[in-house]
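Contents: one structure, followed by commentary.
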Amino acid sequence: MRSGHRLGHVLGHVLGHLLGHRLGRRFGWLWGAYGTSALGTWLAFGAFPLIAIQVLHAGPAEVAALSSVGAAVGAAVAVPLGPWVEFRRKRTVLITMDLVRFAALLTIPTAFALGVLTFLQLLLVSVVVAAADITFRAASGAYLKTLLPAEDLLVANARFESTAWTTTIVGPPLGGAAIGLLGPVATVVADAVSYLLSALGIRAMGGHEPLPEQREAARMRAGDLLDGWRYILADATLRPLFFNTAMFNGLVMAAQPLLAVLMLGRLGFTPWQYGLAFAVPSIGGLLGSRLARPLVTRFGQHQVLVVFGALRAIWPVGLAFLGPGTGGLLLVVGVELGLIFCCGVFNPVHATYRLERTATDRAARTLSAWAVTTKATAALLTAVWGVLGSLLGPRTAIGLAGVLLLATPLLLPSRTVARDRTTAA
């Protein structure tokens, strides 16, 4: 009887492991909506530059502006939206931002069909989508904090992370095939539809979300725009993590265009080899996100945050030694695999750590300020590294970014300032 009980316990444990930790029907809808829109985004990856080049015959400066200027202006537009979101029902905001992105993207195939598509329209759409992305992320983080208990946040963030890497693996090859068969405008339609499906999924969640407290604060003043940054900078645990995230993401993103120039230009890699070098390592992100919760359970949240925050910084400097041929391709795959695996572990732990240490009534403003700073820093550093790449050469500039990344672990929260886990009501 005792052995039978033990066997039943083991089977139950195995079944529970296979089924995963259940987070409820409403989270399931939110997760599905996230996966749908993420897949649509990756299906349309590279569509805007291709439309600019193939349809509008844009030059290199205009193509670069689509990503850098669009992201920077979008971040600026999103600044007042953080305080605005704070005092509104988050699910309504999520649906609204999905519909805004759907409508904005749909203007592109419409204008193309009518023969009136312009580069200015592409740029404006990229700004609107960037601002809506930031606002959606801020509202979704704040909503997740109220939707699930604190002990389930890491599981939820790990699932979002694994979904992000899965769509990264699947989306670009499918999108590339669709672009080859149907043209880049078709993938923009798919991206737009994904946001509509996401809005319908979030709408289907159901449930009642109470109005946020202090609704009279919804009348925004100029000083309210900086509330998110004030909250972050006043917190001894959030402040270093904030600077670490902005610098790490910015330096990694800044090196990517130079790496493309080096691989596709001087070293003679083909486009499919370049795509393969970044698609295959995404498996590391999927694996890392699955290991995040077991590692936190075994070693503790702060330990995992610091160790993998440091480990992810050591890989990019290796790209400075990139050479031609199979050896060079394997070097890129190895570096990206190590980097993405560490990011796959770090990102959900970081997202959970940040949510737990942010008061519920400050979550939207804090997450919005965080995203605005990260995007603006990435845009600025990308522009700076473009100049450095022209002056020093792409390999030297990539190496410089890698060396600076080695210093970013110094900005991770130390144990001496880490405070006990709190969850604001």
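The values are calculated or read from the model by the stated rules, or taken from the named source; none is laboratory data. Since the model is a prediction, treat every value here as computed from it, not as a measurement. Glycine gets a Cβ as well: all are built from the backbone with ideal geometry, and neighbour counts include every protein chain shown. Just so you know, the surface numbers come from the protein's heavy atoms only, side chains and all, with ligands and any DNA or RNA stripped out. Shrake-Rupley method; radii C 1.70, N 1.55, O 1.52, S 1.80 Å.
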Flag if Ile202 is of a type in the set (A, V, I, L, M), assigned to a helix (DSSP H, G or I) and open to solvent by less than 20 Å² (accessible area, probe 1.4 Å): yes
Qualifying residue in region 109-117 (condition: more than 30 Å from Trp272 (Cα to Cα) and in contact (Cβ under 8 Å) with a residue 12 or more places away in the chain): no
Phe87 vs. criteria open to solvent by 30 Å² or more (accessible area, probe 1.4 Å) and aromatic (Phe, Trp, Tyr): no
Among the candidates Val79, Val63, Val55, residue that is at pLDDT 80 or above and within 20 Å of Asp191 (Cβ to Cβ): Val55
Residues satisfying the stated conditions in region 173-191, i.e. without any contact (Cβ under 8 Å) to a residue 60 or more places away in the chain and surrounded by 21 or more Cβ atoms within 10 Å (Cβ to Cβ): none
Elements of type helices (runs of 4 or more DSSP H) contained in region 258-368, each with 2 or more residues being open to solvent by less than 20 Å² (accessible area, probe 1.4 Å), over 22 Å from Leu406 (Cβ atoms) and in contact (Cβ under 8 Å) with a residue 60 or more places away in the chain: 282-299, 325-356
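Take residues that are over 26 Å from Gly344 (Cα atoms) and charged (D, E, K, R) and tell me which of the helices (runs of 4 or more DSSP H) falling wholly in region 66-183 contain 3 or more.
Counting at least 3 such residues, we get 90-114.
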Those residues of region 205-251 which are modelled with pLDDT under 75 and open to solvent by less than 50 Å² (accessible area, probe 1.4 Å), in sequence order: Glu209, Pro212, Ala217, Ala218, Gly223, Asp224
Close pairs from region 119-135: first within 14 Å of Pro109 (Cα to Cα), partner surrounded by fewer than 22 Cβ atoms within 10 Å (Cβ to Cβ) and β-branched (Val, Ile, Thr), Cβ under 8 Å, at least 6 apart: Gln121/Thr107; Val125/Thr107
Selection from region 155-172 of residues that are among the hydrophobic types (A, V, I, L, M, F, W, C) and open to solvent by 20 Å² or more (accessible area, probe 1.4 Å): Phe160, Ala164, Trp165, Ile169, Val170
Test: residue in region 136-149 that is open to solvent by 50 Å² or more (accessible area, probe 1.4 Å), within 25 Å of Ala65 (Cβ to Cβ) and among the charged types (D, E, K, R): yes
